[in-house]
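Enquirer: Handing you a structure now.
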Amino acid sequence: MSDDRVHVASVEDFEDGSRVVVDVEGREIAVFRTDDGFYALSNYCVHQGGPACEGAITGTLDVEDGDLVYDREGEIVSCPWHGWEFDVTTGEHLADPAYRLPTYEVVRDDGELYVR
Ligand code: FES
């Protein structure tokens, strides 16, 4: 495999939670485990530079057949500074997708996780 990837965590690092924040060459990157797999986002909030990925991990409300339903548990993270909510799977701000956290591709190889 190409060497343009950087090791960020082991799958076993997620046994006690669904998020690991690591320093990769001076940049903080958060790796999330969801039901669908692993996602990596920049930990610098596009609002005012807070630690965007270190807040509460929740789901969100969606409209289904005219009813509000709570869905997507574990796929939304709230920046602890002012509460902006981001989609862990895309980096997009929930209210305005024009704002988004940079994302990284996560590669899983033999129990280890890499970003590139
Ligand atoms: S710095 Fe993240 S919401 Fe303001």
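FYI, it's all coordinate maths here, none of it is from the lab. Note that the structure is a prediction, hence the values are computed from the model and not measured. Every residue, glycine as well, gets a Cβ built from its backbone with ideal geometry; the counts of neighbours run over all protein chains shown.
Enquirer: Please identify every one of the chymotrypsin sites (Phe, Trp or Tyr not before Pro) in the stretch 63-116 that sits in a loop by DSSP and has no more than 11 other beta carbons within 10 Å of its own beta carbon.
Expert: Loop-located and lightly packed - none at all.
Enquirer: Express in whole angstrom the spacing between the alpha-carbon centres of the stretch 1-80 and the stretch 81-115.
Expert: Each part reduced to its Cα centre gives a spacing of 6 Å.
Enquirer: Sum up the charges of everything whose Cβ sits under 11 Å from the Cβ of VAL107, counting Lys and Arg as +1 and Asp and Glu as -1, but leave VAL107 out.
Expert: -2
Enquirer: Among the chymotrypsin sites (Phe, Trp or Tyr not before Pro) in the stretch 1-53, which ones are in a DSSP loop with at most 13 other Cβ atoms within 10 Å of the Cβ? Mind listing them?
Expert: Loop-located and lightly packed - none at all.
Enquirer: In what sequence do HIS47, HIS82 fall when counting other Cβ within 10 Å, fewest first?
Expert: Least to most surrounded, the residues fall as HIS82, HIS47.
Enquirer: Still on this structure, I have one more. Just need the relative contact order of the chain here, percent rounded to a whole number, with Cα pairs under 8 Å and 6+ apart.
Expert: 25 percent
Enquirer: Name the long-range amide H neighbours of TRP84: under 5 Å, sequence gap of 5 or more, or other chain; modelled H, no Pro or chain starts.
Expert: The answer is CYS79.
Enquirer: On to the next question. For the chain, what does the alpha-carbon gyration tensor say about shape, rounded, prolate or oblate, given a ≥ b ≥ c as the root eigenvalues, a/c under 1.5 as rounded, and a/b over b/c as prolate?
Expert: Prolate is the answer for the chain, as a/c is 1.5 or above and a/b outweighs b/c.
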